[in-house]
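The values are calculated or read from the model by the stated rules, or taken from the named source; none is laboratory data. No experiment lies behind these values; they were computed from the predicted model shown. Quick reminder, even Gly has a Cβ in these numbers, built from the backbone with ideal geometry, and neighbours come from all protein chains shown.
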Amino acid sequence: MGTNENAALRVPPASPADALAHFTGLLTFSTDVSDVFAAADLEDPGFTLVDTRGAAAWFQGRVPGAVHLPTDEIAARASGLVDASKPVVVYCWGPGCNGAYRAAVEFAKLGYRVKYMMGGYEYWVREGLPVATDAGVERGRPDPLTAPSSGVSCDC
């Protein structure tokens with residue numbers, strides 16, 4: 001690469017039509033913790049939130065209102081716990097874990113419409129959102145590297 005070449009544009013950007021298709025496609029597969037939190041305030045958020053982590057992680061803390069259904073149990077137990085007429089939003093530990101993707105595959109195999117929550121439980125906690133345990137619900141302080149310290153929304 002020459003000294004005047006722009007590394008960011010070494011591969012040119014997609015056409016507007018291709019960009020629209022790609023980014024719209026990404027949004028059909030994912031949501032984020034702020035949007036899930038905002039939907040929780042609705043009378044009916046329109047989806048079932050599923051925590052796909054194991055029991056030890058669940059008891060350590062979870063998103064309030066989530067259904068606990070570890071990935072390995074989805075095939076056997078989903079029909080008894082999760083309404084197939086509503087979309088499912090799955091989460092696992094965080095962006096370094098592909099557990100939510102594996103869970104999404106399992107739900108899709110069963111015919112569920114599914115999205116994954118980007119950032120998982122890690123970013124839920126880091127954004128200072130409410131966390132449930134058997135002792136109750138607590139809310140931490142937002143990590144200023146992931147959310148404004150004055151609130152829970154980046155206003156994007």
Discussion item. Given (1) over 24 Å from Glu127 (Cβ atoms); (2) outside any loop (DSSP other than H, G, I, E, B); (3) of a type outside the set (D, E, K, R), identify the lone condition not met by Trp58.
Written reply: (1)
Worksheet, complete the sentence: Of (1) farther than 17 Å from Val125 by Cα; (2) at pLDDT below 95, Ala19 fails just (2)
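One line per residue, one yes/no per condition, for (1) free of Cβ contacts under 8 Å to residues at least 60 places away in the same chain; (2) farther than 20 Å from Phe37 by Cβ:
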position: Gly94; (1), (2): yes, no
position: Ala100; (1), (2): yes, no
position: Lys109; (1), (2): yes, yes
position: Gly119; (1), (2): no, no
position: Val125; (1), (2): no, no
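Suppose the filter is in a loop (DSSP other than H, G, I, E, B), buried (at least 18 other Cβ atoms within 10 Å of the Cβ) and hydrophobic (A, V, I, L, M, F, W, C); does Ala104 pass it? Give the steps one after another, and end with the answer.
Working: in a loop (DSSP other than H, G, I, E, B): no; buried (at least 18 other Cβ atoms within 10 Å of the Cβ): yes; hydrophobic (A, V, I, L, M, F, W, C): yes.
Spelling it out, it is not the case that Ala104 is in a loop (DSSP other than H, G, I, E, B), buried (at least 18 other Cβ atoms within 10 Å of the Cβ) and hydrophobic (A, V, I, L, M, F, W, C).
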Worksheet item: Can you tell me which residues in the range 72-92 are in contact with a helix residue (DSSP H, G or I) (Cβ under 9 Å, 6 or more places away or on another chain) and either outside any helix (DSSP H, G or I) or within 16 Å of Val33 (Cβ to Cβ) (or both)?
Response: Val82, Ala84, Val88, Val89, Val90, Tyr91, Cys92
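Let's see how each residue does on (1) more than 15 Å from Tyr116 (Cβ to Cβ); (2) surrounded by fewer than 20 Cβ atoms within 10 Å (Cβ to Cβ):
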site	(1), (2)
Ser30	no, yes
Asp35	no, yes
Leu42	yes, yes
Thr48	no, no
Gly54	yes, yes
Gln60	yes, yes
Ala66	no, no
Leu69	no, no
Glu73	yes, yes
Item to complete: Tell me, please, whether a residue that is modelled with pLDDT of 95 or more, small (Gly, Ala, Ser) and part of a strand (DSSP E or B) can be found in the range 29-43.
Response: yes
Worksheet, complete the sentence: So, first residue under 23 Å from Val114 (Cα atoms) in the range 13-27, second residue surrounded by 10 or more Cβ atoms within 10 Å (Cβ to Cβ), Cβ within less than 8 Å, six or more apart or across chains; the pairs are His22/Ala14
